[in-house]
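The values are calculated or read from the model by the stated rules, or taken from the named source; none is laboratory data. Bear in mind the structure is a predicted one, so any value in this text is a computation, not a measurement. Heads up: the accessible areas ignore ligands, DNA and RNA and are worked out on the full protein's heavy atoms, side chains in. Shrake-Rupley method; radii C 1.70, N 1.55, O 1.52, S 1.80 Å.
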Amino acid sequence: MDARLDFFGNPLAAKVLRHINSASKVVSDSTLPQATQELVKIRASQINGCGFCTDMHTKDAAHAGETVQRLHMVAAWREATVFTDAERAALELAEQGTRIADAAGGVGDEAWANAAKYYDEDQLAALVSLIAVINAYNRINVVIRQPAGDYQPGMFG
């Protein structure tokens, strides 16, 4: 399977990716817990059907010490007992922020208020930005049908 477009090799696309990567770095360097960041990226990627990002972020999370059990349970986080209340709040916000088109009111006040109980203003800004950034990556990879499965942690720097 080949991608429809070599997005990583195209000069214009490379410029776009540099900007998205810069935004991603700001979020990565924030005080939003790294485990939460990976869980959010995994869940949004699952919802969007982005195999490339799901592969990348599950492998990155495992490489950083995330447990296999928690990785397997991300798709069913509501029924899982392995996530903290703060992580659950972030996952709910990520789901609603990813499924904006599915909900007439967008992200609900209850989901926002719940996240705000666990995260300060900078962390909320990072969480909102993370949801936006991972959705951008997902959309690029889904549109071009970027193949999944070959990612190795650290291969992009």
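A few notes on this one:
- Average accessible area per residue (Å²) across the chain - probe 1.4 Å, nucleic acids and ligands excluded: 55 Å²
- Rg of the Cα atoms in region 51-151, relative to 2.2 N^0.38 Å, amounts to 1.13.
- Heavy-atom accessible surface of the chain: percent carbon and sulfur, 1.4 Å: 56 percent
- Whole-number D in µm²/s for region 35-82 (Stokes-Einstein; Kirkwood sum over Cα pairs; 25 °C, 0.890 mPa s): 234 µm²/s
- Remark: the Cα gyration tensor places region 1-68 in the oblate category, a/c being 1.5 or greater and a/b not exceeding b/c.
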